[in-house]
Amino acid sequence: MVDSSFVIPGDECQVNPLYCNDGLSFSIWEKITYDSNILLDTGEGAQSKKYIISSGAEYDPVTGRAYPGFAIYHQGVDLVDVVSTGEEVWELRVTGQLHNDTWHNIGIRFTKPDLTDTKTPMHKLGGLELFVNLERVGHSLLPEFTEAGSSSFSPVEGYTINGSPPPVIMVGCHYDHANAKFDHFSGAEFDEIALWSRKLGTNATHDETIFFFGGFEAEFTKVNPQQFKALLNNADLANDHEAEIANEILEAMLLTQPTTVPPIPTRTTVVGGNGSAGGGTSPSTAKDAKTTTDPNAKTTTSARSRFDTAKSMLALQNVMSTMLNVDKVSGIKSPSRVEARFPLAIVASKIVAGSTANIDKWNAVYEEYPEMEGAPRTIRELQEYMVAWVGATNTSSDEATNFFKPDRDAMEYATSGEDFVMNAHKLPPKEFRREIRLRYPKYDGLEWLVNKGKWPNAKDSFTIPTGMFKNQEGCNDIPVSFVTSIFNNLAKVFPRKRNPAHIRGDDWEVDSKVITVNVGASVDSADYDEADLETVKQCRADPDYMRENPIRATFYHKEASSARLQSRHLTSTWFSSTNRDGIEVRHCVWWNEGFGSSGAWDPVECKVVETSDEKTTCECHEFGSFAVIRELSQPIEIDDDCFILQVLKYIGIGFSVILLSGMILVIVGSKKVWDMFHVLRMNIGICWNFAICLHILTDFDSIRDDETPNLVVGFLMMYCYTASAIWTFCEAHATFKAFTAGIISGRTKIYYPLAYGAPFIPLGVFFILYNEDLGLDPRCFVGWNDEAKAMYILFNVGVSVAAVACAIVILFNMARPQTKRTNVVMDLRSQAHGTIWVCFITLFLWIFAGITYLHDREGDQPDPYCVFSVLLGWFGVILFLLLGVASRKFRLGVKSRQKPKNNIDESHVVSDQTIEESIPEEQGADGIPEDTGDPESAHESEDDNNIENDEEAQWDQPDLPIPEEA
């Protein structure tokens, strides 16, 4: 069979191995029946060549000419492999690889060796390698020589293969360039041809040559998780051999091959002399036969339900959990036995890699089984598995391996995969504590050879403290085992869960790689017993030490951009930003397995040390998985869509402003009303009028959306609200002093600094504690910050409670006031009723404000703001009725402005002596007249002019003593 269209456009490696900068690999399955005379004539050249596969490679040592390409063929009992660049030729001849009438795999790896390299071991220099059934059976470093003794050949140019320019691949035959025909037919069966334009890698952690086997091991690749689970039930995973077999099956299930382009359809039979079954036709050509086994290819879920996808993923995870179980890890084992267990980390990491297919599968799990822990479970089990097995290393052994250093008694394992890089170490205590902190990762290590260039911003770093066991009896003088890992896209397969008390918004995402750190104590392999093994299990990192010496990590952001806030308090900003579509704040988090039912990202045990546009430095006191989360600003949405209530509010504001302004004018313009109590009430009205006028401004979008006007208008409004509340307290306190101490004048100057100075206290605290959140509330109320709002409202509630306390005392002293002037008592009682009501209603107003502004925005309850705003609008009317109309003296002042003034005769002015003489003899024990009825009806029976002058004289003079009874 011949095909000339198998090459991916632009892949020059398949045209000529000279251009294979990363090497060349290819494999094929063959089933051949040998002639019975194969062992008789064993001399070189005694039997003809039978080609398995060829791309035209051929050379002549006599002429020194060479055709580029590769080829594998049988010649008697020899299996021969040829790779030619045209300028140099490598040939590898292996004798005795005879597999009669049975399927076997033949694989080739090639990289041009650097023969000037004297440091690299010879087996790692490259050259030509031949594998049969994954076993390397031959290796050639040196190229072939011409008869003239030169390793340089003359490449043949401008040739064709049966009229087609190279590359052309031939299966079961070869093109004889000298005779221009197909020849050297094999007569065998072939299957699964695969080509790679690179050398499949092999190291201590993984071996890609398993990909030579392709999909042939159907008993492995077709095993589903349920079947594999059944197999494991009969396996003893404590047995190294059985564990190795189980790991191989998992590799076949999970580690699919790299992308390949099999140019020839599988199961091809070539018999007969001319390459066809009948022996008389030309070789057939297969076109457009391409397959892919890309591990990142997205699994389509349209053919099966999300439920089936989730169920299959959980079954696979359960299988992995069985493999990662550490219950049977006990005692001390040789370094080589331990290292044989480590490759499972690569297999386990496959199901938590952040590939498109895995993301889709884990999302199905979280949708169908929201209570399941998911991917974090596998990460935790993987970390525990690696800590347990690295801790089982016999560090007293003299056996040197790739990762165990006998001279240091240290196991220092390192590996990597598609989405992770891992280090697992067991160090003696002195080695572990040689430095205060251990720094990772080691970017110059081989484990970072691929991912350092592949991952974006591979610059993350972290340090681990080394004294967590130093002060613990039985744990301070034994080896320490620890495992660290960096995962590039692990967060994409984790559940989307967070601690909502700290990460408040719904719009958030992990903005970094994920770093994992786990530490455990290990027994001293030179001197231990079973009791020591039990003691080690009780060793735990000292939490007090970890709080003083946390894990410190620097994460580079997935998206380099600035956050509005550097940090935030527990109940700080809900979501606010001058740039409403930017990053609000970044959090340092760890995966808290104990949060909720299945864990969540939690900032509680971590803190942000420093953050910038590019990176964030974190400190965390716990071990586990760490990352940085960016919390995104989102548009602030408020429910002010209540047109009818808005209209009612503005009507109320209109009436409030007019009526309170009228009350102020009456107090200012009437000498009969101008007293200490009404001056206090006038200031209440002034402050409230300013507050509600500023409230009108907060309804304009131009004020709400611009931070500076928002801040200025909001703070002026808050000042006026608080001043109004404090003036209410002052008026209640003045009335309280009047009833309890008889003080009815001369105290106004005391209240001014209190009422106009105290409102600066909460406002100043806001600037100190919440300066980053001010000016961002869409209603211009403090800031979009529940903690700041709560503090402001509590301050005003406290002031209102103090006012209510005074009001209660007033209520119980109204019957026996200390002021003995009859007319004054009547007016005080008249004013006190309004004061008491205003105190209670003001307290209710601020409690309602707390309910409104601290309303749960994520709850199902409707936002009460519209109703509250109506109360704000009409509250001025309430103040006018209770502080103005309810006051008898205010009513008289209004009447006096409505009538022409009467000429007042001096005889109508009541002197102090007259007041004393007017006190009736029937007094109570304390000198206060007995209450004989409605005081206002008795008061109103007198002539209006006399009463008005009487009041003016009495309010302007000090209290007069009342003579005691004889």
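The values are calculated or read from the model by the stated rules, or taken from the named source; none is laboratory data. The structure presented is a predicted model; accordingly, all values stated were derived computationally and were not measured. Don't worry about glycine lacking a Cβ; one is built from the backbone with ideal geometry, like all the others, and counts go over all protein chains shown. Heads up: the accessible areas ignore ligands, DNA and RNA and are worked out on the full protein's heavy atoms, side chains in. Shrake-Rupley method; radii C 1.70, N 1.55, O 1.52, S 1.80 Å.
Given the pairs K492/K513; K737/K889; K350/K537; K50/K181; K513/K537, which are separated by over 21 angstrom at their Cα positions? Please report the intermediate quantities before stating the final value.
On the way: K492/K513 10 Å; K737/K889 19 Å; K350/K537 29 Å; K50/K181 15 Å; K513/K537 31 Å.
K350/K537; K513/K537, as the Cα separations exceed 21 Å there.
Which percent of Cα pairs goes in each bin when the distances of the range 646-895 are cut into 5 angstrom slices starting at zero?
Pairs per bin, as whole percents: 1, 7, 13, 17, 19, 16, 11, 7, 5, 3, 1, 0.
I'd like to know which of V480, F626, Y545 lies farthest towards the positive end of the charge dipole of the range 308-632, counting +1 on Cβ of Lys and Arg and -1 on Cβ of Asp and Glu.
Most positive-ward Cα: F626.
Rounded, prolate or oblate: pick one for the range 779-892, where a ≥ b ≥ c are the square roots of the eigenvalues of its C-alpha gyration tensor, a/c under 1.5 means rounded, and failing that, prolate if a/b is larger than b/c, else oblate.
Values: a/c = 3.56, a/b = 2.27, b/c = 1.57.
It comes out prolate by the Cα gyration axes.
Using packing as a proxy for protection, rank 551-563, 671-683 so that the peptide with the highest average count of other Cβ atoms within 10 Å comes first.
Put in order of decreasing packing, that is 671-683, 551-563.
Measuring with a 1.4 Å probe in the full set of protein chains, what accessible area per residue, in whole Å², belongs to the range 646-895?
Per-residue accessible area for the range 646-895 comes out at 38 Å².
Length gain on complete extension for the stretch S5 to L98, per 0.36 nm per residue less the alpha carbon to alpha carbon distance?
Gain on extension, S5 to L98, equals 30.3 nm.
Cα convex hull of the range 308-632: mean projected area in nm², to one decimal?
Its Cα hull, projected and averaged over all orientations, spans 16.6 nm².
Over the range 646-895, with every protein chain in place, what whole percent of the accessible area is carbon and sulfur at 1.4 Å, could you tell me?
On the way: 6780 of 9400 Å².
The computed percentage sits at 72.
Determine, for each peptide in 156-163, 89-96, the mean count of other beta carbons within 10 angstrom over its residues, then list the peptides with the highest first.
Highest mean packing first, the order is 89-96, 156-163.
Provide L128, L881, L316 ordered by accessible surface of protein heavy atoms (probe 1.4 Å), highest first.
The ordering from most to least exposed comes out as L881, L316, L128.
Which pairs, out of K430/K615; K452/K558; K430/K452; K430/K558, put more than 26 Å between their alpha-carbon atoms?
K430/K615; K430/K452; K430/K558
Could you work out how far the C-alpha centroid of the range 669-736 sits from that of the range 831-891, in angstrom?
When both Cα centres are located, 13 Å separates them.
Can you work out the Karplus-derived ³J(HN,Hα) for every residue in the range 339-348? Use 6.51 cos²θ - 1.76 cosθ + 1.60 with θ = phi - 60°, whole Hz, and x for glycine or proline.
Values per residue, Gly and Pro as x: 5, 5, 8, 5, x, 4, 4, 5, 5, 5 Hz.
Please identify which residues in the range 424-448 have an amide N closer than 12 Å to a label point set 7 Å out from the Cα of K124, following the Cα→Cβ vector.
446-447
Relative contact order for the range 308-632 using alpha-carbon pairs under 8 Å, separation at least 6, rounded to a whole percent?
17
What is the extension gain from D183 to V450, computed as 0.36 nm multiplied by their sequence separation minus the C-alpha to C-alpha distance, in nm to one decimal?
So the extension gain works out to 91.8 nm.
Could you give the nm distance between label points at I436 and V609, where each point is 7 Å from its Cα heading toward the beta carbon?
1.1
Run the numbers on the range 646-895 and let me know its relative contact order in percent, using alpha-carbon pairs under 8 Å that are six or more apart. Before the final figure, lay out the partial values.
Working: 350 pairs, mean separation 74.9, N = 250.
Reported as a whole number, the value is 30 percent.
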